[in-house]
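Take a look at the structure below.
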Amino acid sequence: MRFILPIVALLCTRVRGSFDPCLSIKGIGSSSYNLFTSPNFPEKYPPNIDCVRVVQSRPQHDVIVKFHHIFHIESTYDKVEAGEDCPNDFIEFRDGRYGFSPLIARFCGSRIPKREIRAVSGFLWIRFRSDAMLEYQGFSAEFAIVPSKNSRYNNHECLLEYLNGLDGFIRTQDLIQTLPINASGTLDCVWRLAVPANFRIAFYIKDFNLKSPNQCVQNFIEVYSGDTSNKPLRRFCGLTATDVFAPANEMFIRFYLSDVRNLNETNFSALFSSYTKMKNCSQEGLFACGDENCVPSSLACNGRVNCPYGRDERVCIAGQDTLIHFITSGFAPLILLILIVFVAVALICFYTIRRNNCGKKII
């Protein structure tokens, strides 16, 4: 039954006509959930593929990976085939659940990787990527959950997710509720933010006060765009922080403290909001912020500043909320045209009736 379900899921996906080329990386369609291969294996993998999978272990267990007898991924064209220097196609492993988690290894070339691939954090992040040229047979591999070499309990995972809204607030104070009582040691928390796929994410900093400003080893906040980014768009560890506009609809905010006891002396809050770039916002039923920035019309006059310069709230004087929503809707031009035609017809009728009355008086 365990291997039948992935096969059923694969067949259903094909029937719907939206086949996911990453299913083999996710273990769907294979005889074992632990088995994963490059797309189309043992045939050549397709170009322009970017697949991600996260494997979670049990407490006091690690995740290890072993490659099978075939391995052929476009080479880096130098002598080193394991590292961050595979610029074209590669299979990558990280010790954690994020694209910015510590790198274990990145492989390409035609030699089967021999070095140990072991994730000790409780999660293994797997990514396979191909570019637009030179596809090869790929690989077949398998992961296993094994007891940890060192006696320890996996670190407490600190993750908060906001995945279904157009906007929302995040605060450091929200983290207190997620921590164990009398928590000690370091704090490494992540907010995962996502908005609808047709929008991007704007990140507006409201409060920023670190316990130890300018001490980046002790505390910092990093902003990542998308689920495969290994380098932050911004890193804040000083006295101030600026707004961030991400090119993707998903964002990860990493908050680090060398001592969790300093959380009560740290104050950070921010608003994340949906936005997009467009010349004619109203044509798509969106609110125009200016500078070709558009936000969903439902965010206008909602008591939160969702536009870069606050136009969505600045125009909301008393009694005009309904007018603003009307102006930013897609029906406004049509209704305005109907009103103009109605007024024109009324004026013509009035003029005609008045002229006829004047003619009768003269007779």
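Values in this text are rule-based calculations from the coordinates and carry no lab data. Here the structure is a predicted model, which means the values were calculated and not measured. Cβ atoms come from the backbone with ideal geometry, glycine included; neighbour counts cover every protein chain shown.
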Sites residue 44 and residue 178 - FRET efficiency at Förster radius 41 Å, r taken between beta-carbons, to 0.05: 0.35
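Between residue 69 and residue 22, what is 0.36 nm times their sequence separation minus the Cα-Cα distance? Round to one decimal in nm. Don't skip to the answer; put the middle values down first.
On the way: separation 47, 0.36 × 47 = 16.92 nm, distance 2.11 nm.
Going from the current span to full extension adds 14.8 nm.
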Theoretical gain in end-to-end length, residue 235 to residue 337 [0.36 nm per residue, Cα-Cα removed]: 31.7 nm
Once label points are set 7 Å from the Cα along Cα→Cβ at both residue 353 and residue 217, what is their separation, rounded to one decimal in nm? 8.8 nm
With R₀ set to 30 angstrom, the calculated FRET efficiency between the beta-carbons of residue 198 and residue 243, to the nearest 0.05, is 0.90
Could you go through the stretch 251-268 in sequence order and give the Karplus-derived ³J(HN,Hα) for each residue, using 6.51 cos²θ - 1.76 cosθ + 1.60 with θ = phi - 60°, rounded to whole Hz, and x for Gly and Pro? 9, 10, 10, 9, 10, 10, 10, 6, 9, 4, 5, 7, 4, 5, 9, 10, 10, 9
To make sure I understand the rule: partners must be aspartates and glutamates, Cα under 14 Å from the Cα of residue 277, and not fewer than 8 residues away in the same chain. Which ones qualify? 291, 292
Distance in nm between pseudo-label sites at residue 316 and residue 264 (7 Å out along the Cβ direction from Cα): 3.5 nm
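I need 169, 90, 220 ordered by Cβ neighbour count within 10 Å, fewest first.
169, 220, 90
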Under the Karplus relation 6.51 cos²θ - 1.76 cosθ + 1.60, θ = phi - 60°, what is the ordered set of whole-Hz ³J(HN,Hα) values for the stretch 214-220, x standing for Gly and Pro? 6, 10, 5, 6, 8, 7, 6
Given H placed 1.01 Å from N in the peptide plane, which residues other than close sequence neighbours of residue 234 have an amide H under 5 Å from its amide H? 223
Along the stretch 339-353, what does the Karplus equation 6.51 cos²θ - 1.76 cosθ + 1.60 (θ = phi - 60°) give for ³J(HN,Hα), rounded to whole Hz, x for Gly and Pro? 5, 5, 4, 4, 5, 4, 5, 4, 5, 4, 4, 4, 5, 5, 4
Over 31 Å between Cα atoms: which of 114/231; 26/231; 26/114; 26/211; 44/66 fall into that group? 26/211
